[in-house]
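Data first, discussion second: the structure below is written as structure tokens.
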Amino acid sequence: MMRRTLTLLGATGSIGDSTLDVVARHPGRFTVAALAAHRNDAKLLALCRRFRPRVAALADADAAQALARAVAAESLPTRVVSGAEGLVEVAALPDVDTVLAAIVGAAGLPATLAAARAGKRILLANKEALVIGGALFMDAVAASGATILPIDSEHNAVFQCLPAGYARRPDAAGVRRILLTASGGPFHPHPEVDFTTVTPAQACAHPNWSMGRKISVDSATMMNKGLEVIEARWLFGLSPAQIDIVVHRQSIVHSLVEYVDGSVLAQLSNPDMRTPIAQALGAPERLGSGATPLDLAQLATLTFEPPDRARFPCIGLAYAALAADAAAPVALNAANEIAVDAFLNGRARFCDIPRACETVLAARTLSEIATLDDALAADAEAREIARSVLGIADRPRGNSAARTAHP
Ligand code: NAD
Ligand code: MG
């Protein structure tokens, strides 16, 4: 039995909750060395009481001060660090072997990249970091000998359906293509829904998964699937033509791998993120996750249909970005983050999200990416254009550009 020492980036979020639930089911197997989050000091304090990490990091300096006072008052064995440097520090602690990357958005890139450079075993949920980091991120992984285990349920499914050792070269294993399944979110099955009047509550009411608000909106626009196509391109080194999408409303089949001999392998489970998290935490051994076992006879019906690309233009925008230059996926992700934030704060309509992304892709000027600074510049330019397209001049609060979090 392999013992693991963990850092959890995004410990207070939905993926953080699911991960700590699995960890708590296996006492003695995992040591939680560090927990990191944005600014929820009350929740991080509760987690420090329960898991007694050596270090806790909050990106927000005021929240970190409040946590430090509380930790001292309770004589907990936890040192509190803050800011972008604090996140990078806990991502690269020498005694940590495994880093769960579950910060949402571009804000997670610097710490996730630090884990890659430090050669960690990275359990990757933060898909936006890979969409932005792209080749630079994968080069850092290769150079340091880091490994990536995908947590995103679709990529975890593909990973499980590939022979061991072939995750980075599926062509050599005889893979013809992969099929990413998409639930379609709350709106794909309902063509009558008017995208000019959809509310954040409606967009976040996912039929199968309970997740953070940003990824819930991404599921509703199906930008989530677009980002996942880009994520798959980097994780598995496939060409975009080898990555397809099929709508599967039940979220039981989490993705499929088609081989040249005609075989198609799939991974099935109930929609519970604890299953992919437990797979990645334990690999190559299997761990109990707390997920309810699958009862196929009770489910009875699994359906598959093509995505409606006309109603959900974000899918096409993601493929177009992959076919364009290296900066296009960075710009697409940045524009989407700004537009989703504006939608969630009542400053944009649901239908403005794809519109803003398309305008930004057409209007951006930066296209070359040779360094991380180039990627961050493309990210910043796209955010500026998106804000002006949406008519929101001031910077959004909190979870903004990766540039502000760059060490
Ligand atoms: P969430 O909103 O529930 O949690 C986000 C976490 O990130 C929180 O702990 C928050 O404190 C932290 N965070 C946000 N901004 C930060 C900043 N600037 N600095 C430091 N920490 C910051 O989101 P989630 O649903 O847990 O999703 C996390 C990531 O996992 C996303 O990239 C998402 O796409 C991916 N993912 C989530 C699910 C899911 O089921 N929730 C499934 C697949 C992939
Ligand atoms: Mg997913």
Regarding region 325-343, can at least one residue be identified that is under 28 Å from residue 235 (Cβ atoms), assigned to a loop (DSSP other than H, G, I, E, B) and out of contact with any helix residue (DSSP H, G or I) (no Cβ under 6 Å at 6 or more places or on another chain)?
yes
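Is there a residue being in a helix (DSSP H, G or I), of a type in the set (Val, Ile, Thr) and away from ligand 2 (no atom under 16 Å from the Cβ) anywhere in region 98-119?
Keep residues of region 98-119 that are in a helix (DSSP H, G or I), which gives 106-117.
Pick out the ones that are also of a type in the set (Val, Ile, Thr) and you get 112.
If we keep only those that are away from ligand 2 (no atom under 16 Å from the Cβ) as well, we get 112.
Scanning region 98-119, I find at least one residue that is in a helix (DSSP H, G or I), of a type in the set (Val, Ile, Thr) and away from ligand 2 (no atom under 16 Å from the Cβ), so the answer is yes.
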All but one of (1) part of a helix (DSSP H, G or I); (2) away from ligand 2 (no atom under 14 Å from the Cβ); (3) among the β-branched types (Val, Ile, Thr) hold for residue 131; state the number of the condition that does not hold.
(2)
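Here are 185, 145: which of them is over 20 Å from the mean Cα position of the chain (by Cα) and of a type outside the set (Lys, Arg)?
Numbers: 185 fails: over 20 Å from the mean Cα position of the chain (by Cα).
Of 185, 145, the one residue that is over 20 Å from the mean Cα position of the chain (by Cα) and of a type outside the set (Lys, Arg) is 145.
I'd like the full set of residues that are of a type outside the set (Val, Ile, Thr) and in contact (Cβ under 8 Å) with a residue 60 or more places away in the chain, limited to region 73-90.
Quick first cut of region 73-90, residues of a type outside the set (Val, Ile, Thr) only: 73-77, 79, 82-87, 89.
Of everything in region 73-90, those that are of a type outside the set (Val, Ile, Thr) and in contact (Cβ under 8 Å) with a residue 60 or more places away in the chain turn out to be 84, 85, 87.
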Are any residues in region 188-228 crowded, with 24+ Cβ neighbours inside 10 Å, β-branched (Val, Ile, Thr) and either farther than 25 Å from residue 12 by Cα or out of contact with any Leu (no Cβ under 8 Å at 6 or more places or on another chain) (or both), and if so, which ones?
215, 221
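When you go through 393, 348 one by one, which is the residue that is more than 16 Å from ligand 1 (Cβ to nearest atom), at pLDDT 95 or above and closer than 27 Å to residue 38 by Cα? Write out each step before concluding.
Details: 393 fails: at pLDDT 95 or above.
Criteria check complete, one pass: 348.
From the list 313, 276, 329, 293, which residue is buried (at least 24 other Cβ atoms within 10 Å of the Cβ) and away from ligand 1 (no atom under 14 Å from the Cβ)?
Details: 313 fails: buried (at least 24 other Cβ atoms within 10 Å of the Cβ); 276 fails: away from ligand 1 (no atom under 14 Å from the Cβ); 293 fails: buried (at least 24 other Cβ atoms within 10 Å of the Cβ).
Criteria check complete, one pass: 329.
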Out of (1) surrounded by fewer than 20 Cβ atoms within 10 Å (Cβ to Cβ); (2) free of Cβ contacts under 8 Å to residues at least 40 places away in the same chain; (3) closer than 22 Å to residue 119 by Cβ, the one residue 5 does not meet is (2)
If the requirement is being aliphatic (A, V, I, L, M), touching a residue at least 24 places away in the same chain (Cβ under 8 Å), more than 11 Å from ligand 2 (Cβ to nearest atom) and in contact with a Gly (Cβ under 7 Å, 6 or more places away or on another chain), which of these qualifies: 253, 260?
260
Only one of (1) closer than 23 Å to residue 372 by Cβ; (2) touching a residue at least 60 places away in the same chain (Cβ under 8 Å); (3) within 17 Å of the chain's Cα centre (by Cα) is not met by residue 168, so which one is it?
(3)
Looking only at region 75-90, which residues are in contact with a helix residue (DSSP H, G or I) (Cβ under 6 Å, 6 or more places away or on another chain) and either hydroxyl-bearing (Ser, Thr, Tyr) or away from ligand 1 (no atom under 16 Å from the Cβ) (or both)?
76, 78, 82
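To keep it simple, each residue is scored yes or no on (1) under 16 Å from the mean Cα position of the chain (by Cα); (2) closer than 21 Å to residue 109 by Cβ.
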residue	(1), (2)
135	no, yes
141	no, yes
153	yes, no
199	no, no
206	no, no
Would you call residue 174 of a type outside the set (A, V, I, L, M), on the phi > 0 side of the Ramachandran plot and either away from ligand 2 (no atom under 16 Å from the Cβ) or modelled with pLDDT of 95 or more (or both)?
yes
Looking at the structure I just gave you, is residue 93 more than 15 Å from residue 276 (Cα to Cα), in contact (Cβ under 8 Å) with a residue 24 or more places away in the chain, more than 9 Å from ligand 1 (Cβ to nearest atom) and part of a helix (DSSP H, G or I)?
no
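The values are calculated or read from the model by the stated rules, or taken from the named source; none is laboratory data. Everything numeric here is computed off the predicted structure, so don't read it as measured data. All Cβ positions, even for glycine, are placed from backbone atoms using ideal geometry, and neighbour counts span all protein chains on display.
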